[in-house]
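S.K.: Before I ask anything, let me first share the structure, which is written out below as structure tokens.
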């Protein structure tokens, strides 16, 4: 758990206390910021698929969570209430969101300006205490200053919005997506955000696949031209995409589902020389005809882990200036639940009733 000063006030937090399903509310010592940290009063947070894995304690969680007990959660909007003595870029009262990947700053990747793939990265709520709490400590480097007028719920989902932007633009400027045909497989929150961003930027045609009726409807609201059920309409997806792109296929495909059939689809639908981003995590090894899918098609393939620190955040900031995108983001938040009711939030997602669940700072 976090270090604290003797006699510090107890605060509430959701803690993964044992190596098994669920979590519990515990009183923990109020965290104390170090020299280069800030202490945040959590204003809003939100539930990510990673949180759900850890809550359920599936195989992925058992492999990647390296410390118990652990305070859960990583997506947040918070207000700075204390700054460390070495912090000069933030002040008490600032409203911030969190870049959730804490880089060591010294490894080979970090020293080449690639902190997002730090070799010794710690992720909030996974290897490092998280933010489902009344207060949280964050390295000042990881605190992204927000417009104080931005809805805290929207501010808390900038991190997954950054995943969507990085998936769409791993190598390009924003302008380079305009006029392109795009495929998004898997319309969870990040997939839905990717559709909204692609539409905002000016994609020509946007195709999507999803099995959940709630998310199918939202994908259309976000701007998808066609949303296919990948099981019920499996035979129609490829031919329809080719027909509606003048036989060319899509220029950009982002795989968000982690399903083997979707992995094959994104390459089948890709135009020669097109680009694929893989963000979805697969439960097990997936097979692919690499010769036809990648080599002979000259496909450009990107693995997506987090966001580029901090180029993606500047792209997100610019996009958030568009009222239309903010309105779409608000629709993706289908439920707002008090943080004290985290099990209900997890149930809404597990039962496929929700897209994104925002957690209000109410105990």
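S.K.: Give the number of residues within segment 309-332 that are in contact (Cβ under 8 Å) with a residue 12 or more places away in the chain and more than 30 Å from residue 217 (Cα to Cα).
M.R.: Residues flagged as in contact (Cβ under 8 Å) with a residue 12 or more places away in the chain and more than 30 Å from residue 217 (Cα to Cα) within segment 309-332 amount to 2.
S.K.: I've got another one for you. Looking at segment 201-222, which of its residues are farther than 23 Å from residue 249 by Cβ and crowded, with 17+ Cβ neighbours inside 10 Å?
M.R.: 212, 215, 218
S.K.: Separate question: May I ask you to list the residues in segment 50-85 that are touching a helix residue (DSSP H, G or I) at 6+ places or on another chain (Cβ under 8 Å) and more than 18 Å from residue 24 (Cα to Cα)?
M.R.: Once the filter is applied, which keeps residues that are touching a helix residue (DSSP H, G or I) at 6+ places or on another chain (Cβ under 8 Å) and more than 18 Å from residue 24 (Cα to Cα), segment 50-85 yields 60, 75, 76, 77, 83, 84.
S.K.: Of the residues 302, 229, which single one is modelled with pLDDT of 95 or more, surrounded by fewer than 22 Cβ atoms within 10 Å (Cβ to Cβ) and either assigned by TED's automatic domain parsing to the domain that holds residue 64 or in contact with a strand residue (DSSP E or B) (Cβ under 7 Å, 6 or more places away or on another chain) (or both)?
M.R.: Among 302, 229, only 302 is modelled with pLDDT of 95 or more, surrounded by fewer than 22 Cβ atoms within 10 Å (Cβ to Cβ) and either assigned by TED's automatic domain parsing to the domain that holds residue 64 or in contact with a strand residue (DSSP E or B) (Cβ under 7 Å, 6 or more places away or on another chain) (or both).
Rundown of residues vs (1) out of contact with any strand residue (DSSP E or B) (no Cβ under 9 Å at 6 or more places or on another chain); (2) assigned to a helix (DSSP H, G or I), yes/no style:
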residue: 314; (1), (2): yes, yes
residue: 324; (1), (2): yes, yes
residue: 329; (1), (2): no, yes
residue: 337; (1), (2): no, no
residue: 343; (1), (2): yes, yes
residue: 354; (1), (2): no, no
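S.K.: For segment 91-115, which positions are part of a helix (DSSP H, G or I) and within 12 Å of residue 142 (Cβ to Cβ)?
M.R.: Answer for segment 91-115, where residues must be part of a helix (DSSP H, G or I) and within 12 Å of residue 142 (Cβ to Cβ): just 115.
S.K.: Can you list the strands (runs of 3 or more DSSP E) lying wholly within segment 130-189 that have 3 or more residues being touching a helix residue (DSSP H, G or I) at 6+ places or on another chain (Cβ under 6 Å) and modelled with pLDDT of 95 or more?
M.R.: It comes to 181-185.
S.K.: Inside segment 118-129, can you point out the residues that are surrounded by 21 or more Cβ atoms within 10 Å (Cβ to Cβ), under 17 Å from the mean Cα position of the chain (by Cα) and part of a loop (DSSP other than H, G, I, E, B)?
M.R.: Scanning segment 118-129 gives 121, 125, 126.
Table: residues versus (1) closer than 29 Å to residue 351 by Cα; (2) part of a loop (DSSP other than H, G, I, E, B); (3) not assigned by TED's automatic domain parsing to the domain that holds residue 64.
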site	(1), (2), (3)
199	yes, no, yes
217	yes, no, yes
235	yes, no, yes
248	no, yes, yes
282	yes, yes, yes
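S.K.: Evaluate the following for residue 246: is it surrounded by fewer than 21 Cβ atoms within 10 Å (Cβ to Cβ), closer than 21 Å to residue 176 by Cα and free of Cβ contacts under 8 Å to residues at least 40 places away in the same chain?
M.R.: Judged against the criteria, residue 246 is a match.
The values are calculated or read from the model by the stated rules, or taken from the named source; none is laboratory data. Every value quoted in this text rests on a predicted model; they were computed, and no experiment measured them. Here the Cβ is made from the backbone with ideal geometry for all residues, glycine too, and neighbour counts use every protein chain on show.
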